[in-house]
Amino acid sequence: MNRQAQAAVLFLVGAAVLHAGLTDLYLRYVKAGLRPLLLAAGVVLIMAAVATVWYERRGRGEAGDGHGHVHREPRVAWLLVLPSSP
Amino acid sequence: MLTATAVAFPRNPEMVLARFVASLLVACVMGWLWQRLGRADWMRPPARPSHEGLGKGAAFWDSVRHDVMHAGGFLVIGAMAAATLKAVVPATWLHAAAANPVVAILALAVLAVLLSICSEADAFVVSSLTQFSLTARLAFLVVGPMIDLKLFAMQAGTFGRGFALRFAPATFALAILGSVLVGTVLL
């Protein structure tokens, strides 16, 4: 899974968490008291997605492709995009 | 975790102490055991992502991304396993298992591994299983946070299968032993 795909997954998960937290959907999964944490987690995930894209672009501009190895994350992370029945 | 246990067992406050003592005991013994018998070559150290040459912000968001990607995938595996089990295993099996004290302890220990419930929620799940003895429920509470499907998947993914296959059964056996010992003394 390369960086762009990871940014996309982070954004999708963050958007899904925010969507659940901003509607009553989240009550199916967690207690009402956890709403602020859920919203904060959604915001952090989307920030992580934006930061990943941002640093990926800047990094490419500066270092070119003299970067020897590309650190790839395990394929198990793809499971995060599995759909769930709302 | 202990607060949750106290709330879940309002009539058995000794359960909180028992959980604390048993968990601490097993964690210490496991550490000593690893120090004496463990071999470094069983463990494949995880390839650390290098943060060299990155600014503070870049290193921070790189770690966030890395951790979410690793933990998230394994979390999905644990959730799928727990959901499957809940849908597949009939409730009558539980009643049959509760009748025998030895089978009750083993059954709840195995259930803790298979269900992979978060350690802050497991006390509420098991406190409702009143047909099981307190010691059996203690075994559930000690085994669950130490070894379950999602933890095994994470250990195998991080340190390699050779490590996880040795570490997980040892932890499982020790956790049962520890809870039986503490259970007979305190409960």
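The values are calculated or read from the model by the stated rules, or taken from the named source; none is laboratory data. None of these values were measured; they are calculated from a predicted model. Cβ atoms come from the backbone with ideal geometry, glycine included; neighbour counts cover every protein chain shown.
A few points about this structure:
- Total residues in segment B:119-171, condition of a type in the set (S, T, N, Q), closer than 21 Å to B:Met43 by Cα and within 16 Å of the chain's Cα centre (by Cα): 2
- Taken over segment B:88-125, the criterion of being assigned to a helix (DSSP H, G or I), at pLDDT below 85 and among the β-branched types (Val, Ile, Thr) is satisfied by B:Val88, B:Thr92, B:Val125.
- In segment A:70-86, the residue that is modelled with the lowest pLDDT out of those that are within 23 Å of B:Leu54 (Cβ to Cβ) and more than 9 Å from chain B (Cβ to nearest Cβ) is A:Val70.
- Members of segment A:16-36 that are surrounded by 15 or more Cβ atoms within 10 Å (Cβ to Cβ), over 11 Å from the mean Cα position of the chain (by Cα) and touching a residue at least 24 places away in the same chain (Cβ under 8 Å): A:Leu18
- Residue match in segment A:2-23 (condition: within 20 Å of A:Arg75 (Cβ to Cβ) and of a type in the set (D, E, K, R)): yes
- Filter pass, B:Val76 being at pLDDT 85 or above, at the interface with chain A (Cβ under 8 Å from one of its Cβ atoms) and not in a loop (DSSP other than H, G, I, E, B): no
- Residue in segment A:37-60 that is over 16 Å from B:Trp61 (Cα atoms), modelled with pLDDT of 85 or more and loosely packed, with under 14 Cβ neighbours inside 10 Å present: yes
- Residue identified as facing chain B (nearest Cβ under 10 Å), in a helix (DSSP H, G or I) and within 16 Å of the chain's Cα centre (by Cα) among A:Val43, A:Val13: A:Val13
- Conditions (1) part of a helix (DSSP H, G or I); (2) within 10 Å of chain B (Cβ to nearest Cβ); number of the one not met by A:Met1: (1)
- Candidates are the residues of segment B:135-164 that are touching a Leu at 6+ places or on another chain (Cβ under 9 Å) and basic (Lys, Arg); the one that is surrounded by the most Cβ atoms within 10 Å (Cβ to Cβ) is B:Arg137.
- Residue satisfying condition, being more than 18 Å from B:Leu33 (Cβ to Cβ) and touching a Lys or Arg at 6+ places or on another chain (Cβ under 9 Å), within set B:Thr158, B:Thr184: B:Thr158
- Taken together, B:Arg44, B:Arg36, B:Arg19 contain a single residue that is assigned to a loop (DSSP other than H, G, I, E, B) and either at pLDDT 90 or above or within 25 Å of the chain's Cα centre (by Cα) (or both), which is B:Arg44.
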